[in-house]
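Enquirer: Take a look at the following structure, please.
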Amino acid sequence: MVKLIISIPAEPVAQGRPRLSSRGGFARAYDPPKSRSWKAFVADYAETAMKKAGIEAPIDGPLLVKVRFAFPLPKSQYRKKAKPASWHMKRPDLDNLYKGLIDGMEGIVYHRDAEIVKVVMDKIIVEQGKAPYVNVSIETIEALNP
């Protein structure tokens, strides 16, 4: 079993809607700049984690991915008595956060995102005074024997 843990010390960014432009009379879709830079940022952390773990090639086989997206506490909610961590129930949506993260790791941690067969994820607001982060755990799982 191969297991890789990646910690990204930054506020999570959701995958944006594709932007459209026309050049030479043809429509063209492209990633918004914020999404593109987030994917490159994730790719850098993924490469570093792979080297640290001693994994030289993308992981093969069915994969289990566990993700925690941690957002900062809004300034309007700061109190004298520190607020504990809580669930993040506002935008961005969990699926858009996941898509941007997974796309950034594709080709580095695994060959294609189709190899991911099970996902466990959540999004929280960190306790007052703590920094936002994204923690990802990727591991191989046993094949099903019907």
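Enquirer: Return only the number of the condition from (1) open to solvent by 70 Å² or more (accessible area, probe 1.4 Å); (2) under 16 Å from GLY107 (Cα atoms) that PRO62 does not satisfy.
Expert: (1)
Enquirer: Continuing with this model, one more query. If you go through segment 88-103 one residue at a time, do you hit one that is open to solvent by 90 Å² or more (accessible area, probe 1.4 Å) and over 23 Å from ASN135 (Cβ atoms)?
Expert: no
Enquirer: Filter segment 120-146 down to the residues that are among the polar types (S, T, N, Q) and in a strand (DSSP E or B), then identify the one that is nearest to ALA53 (Cα to Cα).
Expert: Applying the filter and picking the extreme gives SER137.
Enquirer: Output the residues belonging to segment 1-55 that are out of contact with any helix residue (DSSP H, G or I) (no Cβ under 7 Å at 6 or more places or on another chain) and polar (S, T, N, Q).
Expert: Result: SER7, SER21, SER22, SER37, THR48.
Enquirer: Sticking with this one: Do you know which residues across segment 1-23 are over 30 Å from SER137 (Cα atoms) and open to solvent by less than 70 Å² (accessible area, probe 1.4 Å)?
Expert: SER21 - this is the single residue of segment 1-23 that is over 30 Å from SER137 (Cα atoms) and open to solvent by less than 70 Å² (accessible area, probe 1.4 Å).
Enquirer: Given the condition under 22 Å from MET50 (Cα atoms), of a type in the set (Val, Ile, Thr) and open to solvent by less than 50 Å² (accessible area, probe 1.4 Å), answer yes or no: does some residue in segment 67-81 qualify?
Expert: yes
Enquirer: Continuing with this model, one more query. When you look at ILE102, is it among the aliphatic types (A, V, I, L, M), more than 20 Å from PHE41 (Cβ to Cβ) and out of contact with any Leu (no Cβ under 6 Å at 6 or more places or on another chain), yes or no?
Expert: no
Enquirer: Report the residue count in segment 30-59 for those that are in contact (Cβ under 8 Å) with a residue 40 or more places away in the chain, of a type in the set (Val, Ile, Thr) and surrounded by fewer than 17 Cβ atoms within 10 Å (Cβ to Cβ).
Expert: 1
Enquirer: Residues LYS123, LYS118: which one is of a type in the set (D, E, K, R) and open to solvent by 50 Å² or more (accessible area, probe 1.4 Å)?
Expert: LYS118 is the lone residue from the list that is of a type in the set (D, E, K, R) and open to solvent by 50 Å² or more (accessible area, probe 1.4 Å).
Enquirer: Please go through segment 55-85 and pick out each residue that is modelled with pLDDT of 95 or more and farther than 19 Å from GLU115 by Cα.
Expert: ARG68, PHE69, ALA70, PHE71, PRO72 - these are the residues of segment 55-85 that are modelled with pLDDT of 95 or more and farther than 19 Å from GLU115 by Cα.
The values are calculated or read from the model by the stated rules, or taken from the named source; none is laboratory data. The structure presented is a predicted model; accordingly, all values stated were derived computationally and were not measured. Heads up, the Cβs are rebuilt from the backbone with ideal geometry, glycines too, and the neighbour counts pull from every protein chain shown. Accessible surface areas use protein heavy atoms only, side chains included; no ligands, DNA or RNA. Shrake-Rupley method; radii C 1.70, N 1.55, O 1.52, S 1.80 Å.
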